[in-house]
Amino acid sequence: MPPIGKAERRPFPLSLSWVDSRMARPISIVHVTPDFEKAFLRLPKHIQTLATRKDQWFRKDAFDPRLRTHKLKGELSAYWAYSVNREYRVLFRFLGASEALYYDVGTHEIYR
């Protein structure tokens, strides 16, 4: 058992071995769910415009630092998210090295 105040070092378990945030990962195919389409259309127009720009960045490099792409934890540990702005996120999963599926877009409420 590690001493109190010291974190035990363990390798980070990644389900996809090709994921490495230090390397550019272009995404050539993005699929969207009907829920994502509905949620996108409900967004304010200026957020839709910003989300479209962020999607272009995501397709060029899924780990562009401006997106703050991150793997989720807990019940959503199979999912990833990236930031549209401080309030809005895109919830997605990688389907392969260059393919992703967008599930939802919105505020942190999408995680519930």
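We did not get these values from a lab; they are worked out from the coordinates using the rules stated. These figures come from a predicted structure and were not determined experimentally. Note: ideal-geometry Cβ built from the backbone for every residue, glycine included; neighbour counts use all protein chains shown.
If you count, for each residue, the other Cβ atoms within 10 Å and average over each peptide, how do 32-38, 92-98, 44-50 line up from highest to lowest?
Going by the mean number of other Cβ atoms within 10 Å, highest first, we get 92-98, 32-38, 44-50.
How would segment 39-111 be classified by its alpha-carbon gyration tensor: rounded, prolate or oblate, with rounded meaning a/c under 1.5 and the a/b versus b/c comparison settling the rest?
oblate
Starting with the fewest neighbours, write out S77, S83 ranked by other beta-carbon atoms found within 10 Å of each beta-carbon.
With the fewest neighbours first, S77, S83 line up as S77, S83.
Can you list residues from other chains, or at least 5 along the same chain, whose modelled amide H is less than 5 Å from the amide H of D104?
Amide H neighbours of D104: L91.
Quick one: which residues, 5+ away or cross-chain, put their amide H under 5 Å from the amide H of F63? H built at 1.01 Å from N.
Those qualifying (amide H under 5 Å, at least 5 residues apart or on another chain) are R25.
What distance in nm separates the two pseudo spin-label positions at W57 and S83, each 7 Å out from Cα along the beta-carbon direction?
Between W57 and S83, the label points sit 0.9 nm apart.
Please work out how much length the chain gains when fully extended from L101 to R68, using 0.36 nm per residue of separation minus the C-alpha to C-alpha distance, in nm with one decimal.
Going from the current span to full extension adds 10.1 nm.
Can you compute 3J(HN,Hα) from phi for each residue in segment 39-52, using the Karplus curve 6.51 cos²θ - 1.76 cosθ + 1.60 with θ = phi - 60°, rounded to whole Hz and x for Gly and Pro?
Calculated HN-Hα couplings, in order: 5, 4, 5, 7, 5, x, 4, 5, 6, 4, 4, 5, 5, 5 Hz.
Which far-off residues, 5 or more places away or on another chain, put their amide H under 5 Å from the one on L72, with H placed in the peptide plane?
Excluding prolines and chain starts, which carry no amide H, the hits are Y79, W80, A81.
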